[in-house]
Amino acid sequence: MHILRPSGARPGFYSALTLCLFMAFAARLLVAIVWPQPWRPDEIFQYMEPAHKLAFGTGITTWEWHAGIRSWLVPGIIAQLMKIGAACGITQQLLFIRICTAFFSLPVVIAFFWYGWRNGGSAMAWTLGVSAAFWPDILSGGIRTLGEFLAGNVLCVGVICLVAYRQESTTRICFFLAAVSGFCLSLAAAIRFQIAPASALAFLFLLQKGKIKPFFIGCLAALIPVTALGLTDYLTLEQAFQSVFRNYHYNQTLGVANSFGKKWPGYYVQKYALLWGALFPALIFFCIKSGKERRIPLLVAIFIVFYHSLIPHKEVSFVYSAVPLLVFCAACGCYTHIIARLSPAAMPVAGLSLLLLFAFYSSYTPYLSRGNYGISFELQATHRHDICGIGLLTDPQADTYREIGAGYSGLTKHIPLYLLTSPEEVKTTQQHYNYLITSTYGESGSPGADWQQIKCKEDSVCLYHRPSGCDDPPDFEQFSRKLHTLSK
């Protein structure tokens, strides 16, 4: 632990860090409880559901898993956590995994805080620490199982260690920082191979005059995650690194990803300017003022946004890995040009925390609240003693099934889920389930006389109950089969 302690740090370092981590974890836990909706559907269907199927035998399987373009590396780890949770008597696996993910995201806060204390003492540590704890994207991303969030957080830790490594003269600490940086940069690429170009760019800065041995230590550490990915793919798919080259073939060569929508090259800048509002120009200004050595995170972040902008299919979370790096640079610049000139610094740091929390509440909670009703109805149904199955009635052309539930990972009981695409299908299959969530017909059209409406939200998502039980045996694979049929 002493190697992590900044040189010359006062005894209050660990107590201050603990307080900052507590604040960050509490904020993430609040987001996980109040806003259970995923950032985008892949958070559930590409990570939580395959993990649930691996752990308990039930889970929704999408076409990507049939095609073998997804790695089992992350879902495999999530599955082990689910088993641990089940052994401890935890039934809400979705919430449990998000709590685990929130805990595993704390190294980002540690890296920010540690770097700040190392370079500017308590005031800089708190400036960087609260930025990592409460910046809206990092706060929300701290509970997400999406690969871009997991990889982005790991990449950020690696780059911060890289910057510290280039400033360090002590051989022992250089070895340590090079190993952590190399491991994190490689792990980020293993979690999400689309981050590999940015990891490679950052890795080049490990090579510094007079530090050849630490560079090779970093290379050796980088082999661990890469080997783990190749071995995982070899054991679970057809060959090593299949999830990388086959994913690239499907989405780039065959253009499958483009079928989910294309956006113009400036989409990411436009989207984040709208999301961050007044924070956007402030972040750009302080990034520029962050200092020469801290331009490395800025360069990596710009590179991430640049090459992702060249890809037609875009989701705002795809460039999340650039956000913590930009926030790090901006926090350093903010401290140097504002907070360091004010004494005492407690008030401006508290003001920064409130500003970031207000930005989260005003810009992100409306987005996160969208579609919460389906998940809340799903949980409400599973708490009923007579439940034997849940049907999800949705528009087959709109993929709204992704918005009205959290799959098997969101259930608290071992019951089947059924994907339905018309009221007529409800009539022919309703003996399999006695609760129904609809996202198409709302209050204006009941799915049938047998169904009693329990609750509706905004005339768009409704929960129904059929008083009689389930006469037909449960079918835990119906959802996956129907989904496979619709995707053809």
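Exactly one residue out of 230, 291, 255 is over 23 Å from the mean Cα position of the chain (by Cα), farther than 17 Å from residue 202 by Cβ, without any contact (Cβ under 8 Å) to a residue 40 or more places away in the chain and open to solvent by less than 60 Å² (accessible area, probe 1.4 Å), and it is 255. Taking segment 199-212 as the range and being touching a Phe, Trp or Tyr at 6+ places or on another chain (Cβ under 8 Å), open to solvent by 30 Å² or more (accessible area, probe 1.4 Å) and within 12 Å of residue 165 (Cα to Cα) as the test, the residues that pass are 207, 208. For segment 234-252, the set of residues classified as open to solvent by less than 80 Å² (accessible area, probe 1.4 Å), assigned to a helix (DSSP H, G or I) and of a type in the set (A, V, I, L, M, F, W, C) consists of 244 only.
Within segment 429-443, which residues are at pLDDT 90 or above and either open to solvent by 10 Å² or more (accessible area, probe 1.4 Å) or over 22 Å from residue 386 (Cα atoms) (or both)? The answer is 429, 430, 431, 432.
Yes/no per residue for (1) closer than 17 Å to residue 164 by Cβ; (2) at pLDDT 95 or above:
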{"residue": "214", "(1), (2)": "yes, no"}
{"residue": "217", "(1), (2)": "yes, yes"}
{"residue": "220", "(1), (2)": "no, yes"}
{"residue": "229", "(1), (2)": "no, yes"}
{"residue": "232", "(1), (2)": "no, yes"}
{"residue": "248", "(1), (2)": "no, no"}
{"residue": "252", "(1), (2)": "no, no"}
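State the number of residues belonging to segment 63-118 that are open to solvent by 20 Å² or more (accessible area, probe 1.4 Å), in contact (Cβ under 8 Å) with a residue 40 or more places away in the chain and of a type in the set (D, E, K, R). Matching residues across segment 63-118 total 2. Remark: pairs (first residue in segment 364-383, more than 7 Å from residue 37 (Cα to Cα); second residue assigned to a helix (DSSP H, G or I) and open to solvent by 50 Å² or more (accessible area, probe 1.4 Å); Cβ separation under 7 Å; 6+ apart in sequence or on different chains) = 374/403.
The condition of being among the aliphatic types (A, V, I, L, M) and at pLDDT 90 or above does not hold for residue 393.
Residues in segment 138-185 that are open to solvent by 10 Å² or more (accessible area, probe 1.4 Å) and touching a Pro at 6+ places or on another chain (Cβ under 6 Å) were compared, and the one that is nearest to residue 35 (Cα to Cα) is 157. Within segment 245-298, the set of residues being among the polar types (S, T, N, Q) and closer than 18 Å to residue 338 by Cα comprises just one member, 290.
Have a look at 301, 282, 273 and point out the one that is surrounded by 14 or more Cβ atoms within 10 Å (Cβ to Cβ), over 24 Å from the mean Cα position of the chain (by Cα), small (Gly, Ala, Ser) and in a helix (DSSP H, G or I).
From the options 301, 282, 273, the qualifying one is 282.
Here's the yes/no breakdown for (1) over 16 Å from residue 192 (Cβ atoms); (2) modelled with pLDDT of 95 or more; (3) basic (Lys, Arg):
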position	(1), (2), (3)
290	yes, no, no
302	yes, yes, no
308	no, yes, no
331	yes, yes, no
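The values are calculated or read from the model by the stated rules, or taken from the named source; none is laboratory data. Just so we're clear, the structure is a prediction, and the values are computed from it rather than from any experiment. Every residue, glycine among them, receives a Cβ derived from its backbone with ideal geometry; neighbour counts consider all protein chains shown. Only protein heavy atoms, including side chains, enter the accessible area calculation; ligands, DNA and RNA are left aside. Shrake-Rupley method; radii C 1.70, N 1.55, O 1.52, S 1.80 Å.
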